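Novice: Sharing a structure here in C-alpha cells format.
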Amino acid sequence: MGNQYDDSYITFRHAVNLALGKGLVFNSYERVNSASSFLYTLLLAGLYRVGFHDLEAVSAIIGLLSGCVIVVATARLAGALSRSVLLPFIAMLPLCVSGSMTGWAVSGMETTFYAALVILYLVSCRSGMTTTPSLVLLALCLITRPEGIILWISAIAVELSERVSGLRHSGLLKCAAVGVSVVLLQSGLSVWCYGSIVPQPLELKRVALYYHLTFAQSFRYVRDFFVSRFGVISVAGTCFAVVVTLRNAVQCSLSWWNGGPAPSSADPEKRSAERVCLLMSLFVLGSMASYLVGPYSDFGRYMVPLLPVLAVVSVLLFKSASDGIRGLLPEHGRSAVYLIGLLLVVFGCHQALADQRELSAFFGRTARHQEARKSLGMWIEDNVPKGEVILSSDLGAIAYFAMNHDFIDVFGLTSAAPLTAIKQRNWGAFVDELKRRKPSWVADTGFPDGRLQSFEIVGFPQHWFRGLPFRESSYLNLYFSGNQVVQQRTTTDGYVFRLVKIAAAAYEQRELE
Amino acid sequence: MKAKLSRLLGVVSGPVAPMILTGALVIAFGGFAFMALLPNHHNG
C-alpha cells in the first residue's frame, strides 16, 4: 500500500498540519490553501487526530469504500428508475473494471469520495429534493469540490422549471438558500484564513500552461476520454440528457406561454423519477460544458465523478430502446434485446479493460516516482536542519515525508509568492524573494542532463506560465559550480529525482553562466 | 440446455437478482481496486 498520486500528499500534509493544530496550511511561514478538497481534508485530519496516522492507507480505504457505495447506489438508482435488473448491470460492469474508477479510488485523491456524495445526493432526491438528507448531501458536495456548484445550479434549474411549469412552489428557495449559505460561509472562511476567496489550485490553473488547453484541444481530450474509454454509457447517456433537457425546455416554454401548468404525471413516484431524470440530465450537460472550458486534469480525473451518473441515464435510454425493440419484434424481441445487451457488455468491457491497462501503467509510473520522492523526503527529514527552507516544483510526497520542513514551491501550487508575481506580471519580485530567503536546498524532479525543473521555472517562467512578458535571458541562473548533489534517485522512465545543496553564491549571480 | 438457460434467466430476473448482480459488481470493482494497491502492480 502507498505510493499514491503525488497531489494527494499535498492534501495529507494539510490534514496532518490541521490535526496537529497548525491550521489548514502547507508551510508554517504563510497561510495558503492548496488542499484540493475542504471536506476530504477535514475527514483525513479528523481520522489522523483519532489515531489513524497512516494517511496513505486511510485514503485508500476511504476510496475503496466510496467506490463500493457508488456501485451499490448507482445500481439501485438505475434499477429503481428503469425497473430493470439486467440493464444497470450492463451499464455498470465496464465502470467497475475500468482503470479510471478503480485506479482513482485508491489514488489518495478525493475523486471517488466526491463521486459517491454526488450519486448519494441523486438517490436521496428520489424522496424529494428538499428533504433534509438531500439538502445536507448537496451542501457536502459543495464543500468537497468546486464542481459541486454545477450540481447546485442543476438542482436550482429543476426547481425553477417546476415553478415555471406551475407544478411545485416550495423547493426553489430552500435549495437556493443552502447553496448560497455554503458558498458564502466557505468564501468568508477562505478570506478570513487566507485573504482570498479563490483557492490556490484554482488560481494556478488559470495561469499555468500545463493546465491550459485550447477549446479544440479540450474537445478532443473530453471526446477521447468519454468515447474511447466509456463509449456505450457516454454516447447513450449524453443523448438521453440532451433529449430530456430539450423536452423539458419546450414544456416549460409552452406552459409559460399558455399561463397554465405543464402536462405531468399524477403519480408522485413517476413525477419524482422525472425530476431526478431532469436533474441528472442537467448535471451531465453542465459537467460536459465545464470540462470543455475548464482546466486539464491528468487522465480525466475531473471527469470520473460523472461516469456513474452517465451509467444511470444511459440505462434509461437502454430501457426505452429495449421496450421499443420488443414492440417492433413481438416474437423475437426478448432474444434481440439479450443479444444487443451482450454485445454492449462485451464492447464496454473491452474499452474499460484497455482503460485499466493504460491507467495501471500510469499509476505504475507514478508509484516508481513516489518511491524516489519518499526517500528524498525521508532523507531531508533525518538530515537537513529544521530551519532550512527547501526549494522545489514537485511538492507532494517529498514534503509529506519531510513534515517538519518548510518549502518554497516555484510552481506556485503551495506557495503564494510565484502566483502573486505572475498576477503583477513581475517575476522579478519572486526572484527578489528567493534572493532574500536564499533556500539552501532544492529537492526536485530532474532530467538526465542535470537540469532541475525548479531552476528552469525560476530562470524561464514564461515557458510554464501565461501572462509573463517574453525574456531572452534567465531571470536567475541557479546552476552553479558550487552546488552539490547530495542524493539522487533515477527511475526506469528516465526521470531523476535530486536533492542538491545550493551554494549561497548562486543567488548572487547576475549573468547566465 | 434450454432448461438450464431458462433457470439462469429465472435467477437473473428473480427477486434476489439485483442483490446477486450488485454483489458481482462490487466484487469486480473491489478486486480491480485492490489489485491497484498491490506493490507488485505498482512497481511492475
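Quick note: the coordinates plus some simple rules give every number you see, no bench work behind them. The model shown is predicted, which means the values in this text are computed figures rather than measured ones. Neighbour counts are summed over all protein chains in view; Cβ atoms, including those assigned to glycine, are modelled from backbone coordinates with ideal geometry.
Novice: Quick check on the exposure proxy: order A:Ser473, A:Ser8 from fewest to most C-beta atoms within 10 angstrom.
Specialist: In order of increasing Cβ crowding within 10 Å: A:Ser473, A:Ser8.
Novice: Further question on the same structure: So how do A:Met378, A:Met92 line up by other beta-carbon neighbours within 10 Å, fewest first?
Specialist: So the residues, fewest neighbours to most, are A:Met378, A:Met92.
Novice: Which percent, nearest 5, of DSSP beta bridges in chain A are antiparallel?
Specialist: Counting DSSP beta bridges with both partners in chain A, the antiparallel share is about 75 percent.
Novice: Another question, then. Given Cβ point charges of +1 (Lys, Arg) and -1 (Asp, Glu) and nothing else, what value in debye, to the nearest 20, does the dipole of region A:366-508 about its Cα centre take?
Specialist: That gives a dipole near 220 debye.
Novice: While we're here: Do any trypsin sites (Lys or Arg not before Pro) in region A:83-176 lie in a loop, going by DSSP, with at most 13 other beta-carbon atoms within 10 Å of their beta carbon, and if so which?
Specialist: Counting only loop positions with at most 13 other Cβ atoms within 10 Å, the trypsin sites (Lys or Arg not before Pro) in region A:83-176 are A:Arg83.
Novice: Something else about it: Quick one: which residues, 5 or more positions from A:Ser440 or on another chain, have an amide H under 5 Å from its amide H? H modelled 1.01 Å from N in the peptide plane, none for Pro or chain starts.
Specialist: For A:Ser440, whose amide H was placed from the backbone, the distant partners under 5 Å are A:Val389.
Novice: Additional query: What ³J(HN,Hα) values, in whole Hz, does the Karplus curve 6.51 cos²θ - 1.76 cosθ + 1.60 give for region A:452-466 when θ = phi - 60°, with x put for Gly and Pro?
Specialist: In residue order, the calculated couplings are 10, 4, 5, 5, 5, 5, 4, x, 10, x, 5, 7, 10, 10, 8 Hz.
Novice: Just to confirm the number: angle between the C-alpha axis of helix A:268-293 and the first principal axis of chain A, 0 to 90 degrees, nearest 10?
Specialist: 30 degrees
Novice: Sort A:Cys239, A:Cys252, A:Cys125 by Cβ crowding within 10 Å, fewest neighbours at the top.
Specialist: Neighbour counts put them in this order, fewest first: A:Cys239, A:Cys252, A:Cys125.
Novice: Could I ask something else about it? By how many degrees, 0 to 90 and rounded to 10, does the Cα axis of helix A:215-258 deviate from the longest principal axis of chain A?
Specialist: The angle comes out at about 50 degrees.
Novice: Related question: What number do you get for region A:6-328 when its Cα radius of gyration is normalised by 2.2 N^0.38 Å, N = residues?
Specialist: Taking N as the residue count of region A:6-328, the ratio is 1.03.
Novice: Charges on Cβ only, +1 for Lys and Arg, -1 for Asp and Glu, centred on the Cα centroid of the protein assembly as shown; of A:Ser154, A:Ser290, A:Tyr475, which one is farthest towards the dipole's positive end?
Specialist: Farthest towards the positive pole: A:Ser154.
Novice: Just name one of A:Gly51, A:Asn248, A:Cys96: the one whose Cα is farthest towards the positive end of the charge dipole of the protein assembly as shown (beta-carbon charges, Lys/Arg +1, Asp/Glu -1).
Specialist: A:Asn248
Novice: Taking amide H positions as placed 1.01 Å from N in the peptide plane, with prolines and chain starts having none, which residues 5 or more places from A:Val25, or on another chain, fall under 5 Å of its amide H?
Specialist: Residues meeting the amide H criterion: A:Leu18.
Novice: Would you mind working out the magnitude of the charge dipole of the protein assembly as shown relative to its Cα centre, with +1 at each Lys and Arg C-beta and -1 at each Asp and Glu C-beta, to the nearest 20 Debye?
Specialist: The dipole magnitude comes to about 1260 debye.
Novice: Relative contact order of chain A, please, whole-number percent, based on alpha carbon pairs below 8 angstrom and at least 6 residues apart.
Specialist: 18 percent
Novice: Any chance you could count the Lys pairs in the protein assembly as shown whose alpha carbons are under 17 Å apart, treating pairs 8 or more apart or on different chains as valid?
Specialist: Eligible lysine pairs with Cα atoms under 17 Å apart amount to 7.
Novice: Okay, next question. Report, to the nearest 10°, how far helix A:55-82 tilts away from the longest principal axis of the Cα atoms in chain A, using its own Cα long axis and a range of 0 to 90°.
Specialist: 20 degrees
Novice: Give me the log10 of I(q) over I(0) for the protein assembly as shown at q = 0.06, 0.09, 0.12 Å⁻¹, as the Debye formula computes it from C-alpha points; what are the numbers?
Specialist: Those come out to -0.34, -0.73, -1.17, one per q.
Novice: Hey, how much of the P(r) for region A:366-508 falls beyond 25 Å, as a percent of Cα pairs?
Specialist: 23 percent
Novice: Still on this structure, please answer the following. Treating only the Cβ atoms of Lys and Arg (+1) and Asp and Glu (-1) as charged, compute the dipole magnitude of region A:240-391 about its Cα centre; round to the nearest 20 debye.
Specialist: 180 debye
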